[in-house]
1. Consider only pairs whose beta carbons are under 8 Å apart and that are at least six residues apart or on different chains; among these, list those whose first residue lies in region 66-83 and is more than 14 Å from residue 47 (Cα to Cα) and whose second residue is among the β-branched types (Val, Ile, Thr) and assigned to a loop (DSSP other than H, G, I, E, B).
2. Just wondering, is there one or more residues in region 37-52 that are part of a loop (DSSP other than H, G, I, E, B), closer than 14 Å to residue 81 by Cβ, of a type in the set (A, V, I, L, M, F, W, C) and without any contact (Cβ under 8 Å) to a residue 60 or more places away in the chain?
3. From the residues in region 40-77 that are touching a Phe, Trp or Tyr at 6+ places or on another chain (Cβ under 8 Å) and over 18 Å from residue 88 (Cα atoms), which one is surrounded by the most Cβ atoms within 10 Å (Cβ to Cβ)?
4. Hey, could you check region 84-110 for residues that are among the hydrophobic types (A, V, I, L, M, F, W, C) and assigned to a loop (DSSP other than H, G, I, E, B) and say which is modelled with the lowest pLDDT?
5. Looking only at region 66-83, count how many residues are within 11 Å of the chain's Cα centre (by Cα) and part of a loop (DSSP other than H, G, I, E, B).
6. Residue by residue through region 50-72, note down the ones that are at pLDDT 95 or above and basic (Lys, Arg).
7. If we keep just the residues of region 16-34 that are part of a loop (DSSP other than H, G, I, E, B) and at pLDDT 95 or above, which is surrounded by the fewest Cβ atoms within 10 Å (Cβ to Cβ)?
Amino acid sequence: MSKRLQLDEGKDIVLLDVRTSAEYQEKHIANGILIPLDQLRQRASELPRDKEIVVYSGTSRRAYEGSLLLRTAGFQNVRVLDGGIEMWPYEVVTECARQAPKARCLWRMK
């Protein structure tokens, strides 16, 4: 089952974005949690241990690092969004949403 389908069906999945704050502001997956990779070790306690955590970054390199860090910290149900946000084939929230909250500011992969 795809992560998008699981999210649409209300499954309890945590989308963890490990990119920088600037990258997150530019575009991100709705309802994702931002904890930049360089802060993840210190902030891992903010994440639930009883839910599946799907880690993503731009193209997955940092996501793989983040997933290894979480597994080392004892998290059992950690996955990586292969290809990162660049390969996410669904809508993502973009920077224009901050500038024009009532506008439809979504970016879609081609």
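The values are calculated or read from the model by the stated rules, or taken from the named source; none is laboratory data. None of these values were measured; they are calculated from a predicted model. Using ideal geometry, Cβ is built from the backbone for each residue, glycine included, and neighbour counts are taken over all protein chains shown.
1. 83/59
2. Within region 37-52, the subset part of a loop (DSSP other than H, G, I, E, B) is 47-51.
Filter once more, keeping what is closer than 14 Å to residue 81 by Cβ: none.
There is no residue in region 37-52 that is part of a loop (DSSP other than H, G, I, E, B), closer than 14 Å to residue 81 by Cβ, of a type in the set (A, V, I, L, M, F, W, C) and without any contact (Cβ under 8 Å) to a residue 60 or more places away in the chain.
3. The residue in question is 44.
4. Taking region 84-110 and keeping what is among the hydrophobic types (A, V, I, L, M, F, W, C), we get 85, 87-88, 92-93, 96-97, 100, 103, 105-107, 109.
Now drop any that are not assigned to a loop (DSSP other than H, G, I, E, B), which leaves 88, 100, 103, 105, 109.
Numbers: 88: 81, 100: 48, 103: 45, 105: 44, 109: 37.
Selected residue: 109.
5. Counting residues in region 66-83 that are within 11 Å of the chain's Cα centre (by Cα) and part of a loop (DSSP other than H, G, I, E, B) gives 1.
6. Result: 62, 71.
7. Initially, region 16-34 is screened for residues part of a loop (DSSP other than H, G, I, E, B), giving 18-20, 29-32.
Next, from what is left, pick out any that are at pLDDT 95 or above: 18-20.
Numbers: 18: 28, 19: 24, 20: 16.
Filtering region 16-34 for residues that are part of a loop (DSSP other than H, G, I, E, B) and at pLDDT 95 or above, the one surrounded by the fewest Cβ atoms within 10 Å (Cβ to Cβ) comes out as 20.
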